[in-house]
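Undergrad: Dumping the structure here so I can ask a few things about it.
Nothing in this text is a laboratory measurement; each read-out follows from the coordinates by a stated rule. All of these numbers come straight from a predicted model, not from anything done at the bench. Every residue, glycine among them, receives a Cβ derived from its backbone with ideal geometry; neighbour counts consider all protein chains shown.
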């Protein structure tokens with residue numbers, strides 16, 4: 001009896017030892033699986049494979065897609081155990097994921113759980129008009145193009161702003177998006193960003209700025225944006241227009257005339273264009289035009305509501321992006337003669353005008 005008991009104890013000890021060894025081996029294998037590279041190296045010139053997780057994909061479907069994309073590491077049970085350990089199994093986000101070489105199962109699941117999807121970029125440039133914005137969005141890939149068959153009015157209605165003119169309503173900057181996003185998503189974000197920036201700028205306006213509303217600030221900022229060749233001049237240019245508004249002078253700014261010409265503008269502005277009346281011709285109509293003429297950036301918004309002090313009422317281009325500012329019409333005519341007609345330049349300006357022409 002004692003002999004049989006000893007044998008039973010010995011067998012039990014042996015089984016426990018074997019179980020411990022097996023458990024240790026399994027744990028070591030599991031740890032090696034979790035942190036070893038799961039995505040194989042790329043062949044020369046090849047691009048990293050992409051995992052597309054659709055809404056509604058279960059964990060088994062995601063595992064199958066990983067296998068199809070070349071991730072062959074581990075047993076499904078190991079993936080499930082790791083996902084449970086990381087609280088990832090039921091929290092995988094839909095989207096497009098880059099399977100970069102060397103990623104471990106743990107890193108992959110962390111990306112899937114945290115929604116670290118591939119992002120694309122589209123840039124809306126300061127000074128663009130809405131036609132240019134639409135063209136940039138239409139060329140963006142893989143952005144969904146929901147607005148392709150919409151006119152401008154339909155787009156604004158889709159954004160919840162029916163009847164509003166679209167010009168200048170979208171903040172120029174670089175926007176990130178992911179596969180499945182649409183051009184309407186970008187426009188909605190850009191519209192909201194402009195609303196925030198305009199509200200912030202208007203709240204910080206100078207007490208004597210000759211503008212009655214944030215809407216007028218947006219219009220003036222769009223003109224400042226189009227007239228500016230060098231960023232540091234925005235407040236000076238805004239100052240010229242602010243003083244003209246205070247004095248009741250015509251703004252006489254070419255970009256508004258060009259905008260009013262629409263498709264008739266062929267790259268040149270003639271004297272007859274300056275005298276042809278449109279709602280945007282600031283040579284024939286006093287005050288601001290009825291809408292913005294382009295997208296102003298943050299700096300143009302701030303300049304419009306905080307123009308630089310001074311006495312200049314005129315400016316003319318030096319043809320290098322900068323301008324000469326003048327307080328009187330006689331000074332302005334002299335600057336035009338020098339920098340536009342290339343004649344009668346003062347000694348100090350003659351060399352600069354000649355260099356600009358070269």
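Undergrad: Please check: in the Gaussian network model of the chain (C-alpha springs, under 10 Å), which one of 280, 265, 177 has the largest mean-square fluctuation.
TA: Answer for the Gaussian network model of the chain: 265.
Undergrad: Computed FRET efficiency, Cβ-Cβ of residue 153 and residue 185, R0 22 Å: what is it to the nearest 0.05?
TA: Result of the calculation: an efficiency of 0.70.
Undergrad: According to a simple spin-label model (label point 7 Å from Cα along Cα-to-Cβ), what is the distance in nm between residue 196 and residue 94?
TA: 2.5
Undergrad: Output the 0 to 90 degree angle, nearest 10, between the alpha-carbon long axis of helix 214-227 and the longest principal axis computed from the alpha carbons of the chain.
TA: Once rounded, one gets 80 degrees.
Undergrad: Also: What whole-number distance in Å separates the alpha-carbon centres of segment 114-189 and segment 58-106?
TA: Segment 114-189 and segment 58-106 have Cα centres spaced 33 Å from each other.
Undergrad: I need to check one value: relative contact order of the chain, counting alpha carbon pairs closer than 8 Å and at least 6 residues apart, in percent.
TA: 13 percent.
Undergrad: Something else now. Of the peptides 310-323, 208-221, 137-150, how do they stack up when ordered by the mean number of other Cβ atoms within 10 Å, highest first?
TA: Highest mean packing first, the order is 208-221, 310-323, 137-150.
Undergrad: A follow-up question, please. Where in segment 286-302 does the amide nitrogen come within less than 18 Å of the point 7 Å from the Cα of residue 204, taken along Cα to Cβ?
TA: 296-302, by backbone N distance to the label point.
Undergrad: Pairs of alpha-carbon atoms within less than 8 angstrom and 6+ residues apart define the contacts here; what relative contact order does segment 202-313 have, in percent? Walk me through the intermediate numbers first.
TA: Values: 175 pairs, mean separation 48.2, N = 112.
The value is 43 percent.
Undergrad: What whole-number distance in Å separates the alpha-carbon centres of segment 220-250 and segment 280-347?
TA: Measuring centre to centre over Cα atoms gives 7 Å.
Undergrad: Among 306, 266, 129, whose mean-square fluctuation peaks in a Gaussian network model of the chain (Cα, cutoff 10 Å)?
TA: 266
Undergrad: If you don't mind, there's one more thing I want to ask. Give me the extension gain from residue 86 to residue 320: residue separation times 0.36 nm, minus the current Cα-Cα distance, reported in nm with one decimal.
TA: 78.4 nm is the gain from fully extending residue 86 to residue 320.
Undergrad: Okay, next question. Starting from 0.36 nm per residue, how many nanometres of slack lie between residue 284 and residue 269 once their C-alpha separation is accounted for?
TA: Between residue 284 and residue 269, full extension yields an extra 3.9 nm.
Undergrad: Measure nothing but the geometry: give the 0 to 90° angle between the long axis through the Cα atoms of 59-68 and the longest principal axis through the Cα atoms of the chain, rounded to 10°.
TA: 80
Undergrad: Continuing with this model, one more query. What FRET efficiency do you get for residue 252 and residue 125 if R0 is 25 Å and r is their Cβ-Cβ distance, rounded to the nearest 0.05?
TA: 0.45
Undergrad: Computed from these coordinates, which is percent of Cα pairs over 32 Å apart: [x] 33; [y] 55; [z] 29?
TA: It is the one labelled [y].
Undergrad: Subtract the Cα-Cα distance of residue 344 and residue 328 from 0.36 nm times their separation in residues, and report this length gain in nm to one decimal.
TA: Roughly 4.0 nm would be gained on extension.
Undergrad: Between the helical axis of 347-357 and the dominant principal axis of the chain, each derived from Cα atoms, what acute angle in degrees is found, rounded to the nearest 10?
TA: Tilt of helix 347-357: around 50 degrees.
Undergrad: Sequence gap at least 6, Cα distance under 8 Å: using those rules, report the relative contact order of segment 122-199 to the nearest whole percent.
TA: For segment 122-199, the relative contact order is 37 percent.
Undergrad: Which of these, 127, 260, 163, has the largest mean-square fluctuation under a Gaussian network model of the chain (Cα springs below 10 Å)?
TA: 163
Undergrad: With a ≥ b ≥ c the root eigenvalues of the C-alpha gyration tensor of segment 91-176, is it rounded (a/c under 1.5), prolate (a/b larger than b/c) or oblate?
TA: Note, shape of segment 91-176 comes out prolate.
Undergrad: Can you bin segment 46-118 into rounded, prolate or oblate? Criterion: square roots of the alpha carbon gyration tensor eigenvalues sorted a ≥ b ≥ c, rounded for a/c under 1.5, prolate for a/b above b/c, oblate for the rest. Before the final figure, lay out each step's value.
TA: Values: a/c = 1.44, a/b = 1.17, b/c = 1.22.
It comes out rounded by the Cα gyration axes.
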